[in-house]
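The values are calculated or read from the model by the stated rules, or taken from the named source; none is laboratory data. None of these values were measured; they are calculated from a predicted model. Here the Cβ is made from the backbone with ideal geometry for all residues, glycine too, and neighbour counts use every protein chain on show. Heads up: the accessible areas ignore ligands, DNA and RNA and are worked out on the full protein's heavy atoms, side chains in. Shrake-Rupley method; radii C 1.70, N 1.55, O 1.52, S 1.80 Å.
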Amino acid sequence: KLANVGIGCDVCVQDVTLTAPASNKFGEAVAHFEGVPDFSPNRVLKAGPTVFPPAVAKPGGVGDAKYSPFIQAKGSETVYNAPIVATGTGDFDVVHHSNTADRVLKINPAKKAGPGQFYAPSVELLIINGFDSGQPILYLSTEASDPATATLERATFVPLLGKTPFTGGDDFLGSTRERIFPFVNGQTGLNNPEAQGLIHLIKDGYASEDAYLGNKDLIQSQRRGGDSLNVQGDFPTLTDPHRKFAYSPLWEAQFSEWTDKAIRLGRNTRQTDEFQILNLAARRPDLLTGPEGAPFGSTNILINCPVIAFTAMRPVEEVVEPIPGAQVETVGSFQALSHSGSDTSPPVGPVDAGGGGTAAGTAPRTAGDREAAVPAATRPTSDPADLAGCARSGSGRVRHRHASARTCARRPLTDDRENAGDRPAKACPSRQAAGGPAAESGRYREGRGQVGRRTPDRFGAARDDGTSDEGLAWRVKDKLFA
């Protein structure tokens, strides 16, 4: 996706020149940048009357008109993500960051090299905790296109990022962006396993203080989940090639805000999966919207956030299937109408074949047939054993490998405790009879993926309870996920 950075924006990719001494026996060339950031401003963050939005937000680093972290060496078409994190030749300020980025904790000079030797310098950065496909991950944050976001992220303010292709582009042709989901008003508290969001970051993550190794309270808060715990979209380890190769380090923020109703019902819980969020925003706008009730979607705020690790299990599959109408490019996006106005598109996800009938995903002939096959406001409750014989197509649908494979019947949504009560998800009879997670707890996260039967710790990191990772359901005690 980085190859698309320069579409419609030549200056979004910075051309650099490389020079090396003629006597070089072994070692790197020096890259000469035309644009650089200025790290001399003091970063200032002050909470607002409701904590977020902040009353004052001034970034500590600002890129000049030519600065972009995305570079090409002249003569090459390869685009590199190469953020500048310090300027100058020494005496680096890693406390107040007058000549370093606000996440720089230490700079280690290169060891002196002899003839034909090469030693590289290194930098130690404050990393960020987040989630992808239900799994805890770590990533960096180096630049942002919005000054308030850059301040919250301890990143360099680079307006140029907002010109990259293209607003709301995600995985569409020519886009260089992926989606990240920061929550505005999730729960707070360092010891709260449901804490998440920007208010949590400001209140519990010492966000107004300088980041340096001597600030023990800030370092410990990050170890205890004091980040905003954003959810990222595609990840390099996902098994679906369409999503794996759609990864980009340039994330377009889709800010999420819980409604008063969601907060009153206690539904503003920690989210860990992109499709969970998009499904909820599409199905329950009474619970989740964009900022201040705006429609859910792009805000054209860009953040350079390369992922660097997963800390529990490798993300391989999304936790849930996207529903029709969610902001996901799946087969459900292509709902053609016949000349008579009947909807003839195939449904998304598995359709119960009646205990060994036709393969899943067979398209009904009329809109009425389709409505009967996939009732409105329903979702699948899939038996892990039954879905073991399923394979994913590139479009995001589930197709059965064997005609004998089956799925559980779909059930109506009963998430709104105010109107319908708190009803647990029903598991398949075969799974209950086997004494699986549903039989023991009655509630578990639906979906698929290499997650096994696991219990989350306060970070959301799953830990083993002695069962196989081959399972397809994740038990979450006393919790009903949207």
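Within the bounds of the stretch 116-125, is there any residue that is under 18 Å from the mean Cα position of the chain (by Cα) and not aromatic (F, W, Y)? No. Scanning the stretch 216-250 for residues that are closer than 16 Å to V328 by Cβ, touching a Phe, Trp or Tyr at 6+ places or on another chain (Cβ under 9 Å) and part of a loop (DSSP other than H, G, I, E, B) gives G233, D234, F235, L238, Y247. In the set (1) assigned to a loop (DSSP other than H, G, I, E, B); (2) crowded, with 21+ Cβ neighbours inside 10 Å, the condition left unmet by N192 is number (2).
Within the stretch 271-302, being over 12 Å from the mean Cα position of the chain (by Cα) and not in a loop (DSSP other than H, G, I, E, B) holds for N279, L280, A281, A282, R283, L288, T289, P291, E292, G293, L302.
Counting the residues of the stretch 202-218 that are open to solvent by 30 Å² or more (accessible area, probe 1.4 Å) and of a type in the set (A, V, I, L, M, F, W, C) gives 1. Contact map, the stretch 1-29: residues that are closer than 17 Å to V158 by Cβ and open to solvent by 60 Å² or more (accessible area, probe 1.4 Å) paired with residues that are part of a strand (DSSP E or B) and not small (G, A, S), Cβ distance under 9 Å, separation 6+ or inter-chain. Pairs shown: D15/I71; D15/Q72.
Of the residues making up the stretch 51-77, those that are part of a loop (DSSP other than H, G, I, E, B), free of Cβ contacts under 8 Å to residues at least 60 places away in the same chain and more than 18 Å from L160 (Cβ to Cβ) are K74, G75, S76.
Yes/no per residue for (1) part of a loop (DSSP other than H, G, I, E, B); (2) open to solvent by 10 Å² or more (accessible area, probe 1.4 Å); (3) modelled with pLDDT of 95 or more:
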| residue | (1), (2), (3) |
| --- | --- |
| L161 | no, no, yes |
| D171 | yes, yes, no |
| T176 | yes, no, yes |
| I180 | no, no, yes |
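Take the conditions (1) closer than 26 Å to G35 by Cβ; (2) in contact (Cβ under 8 Å) with a residue 40 or more places away in the chain; (3) small (G, A, S); S133 misses just one of them, which is (1).
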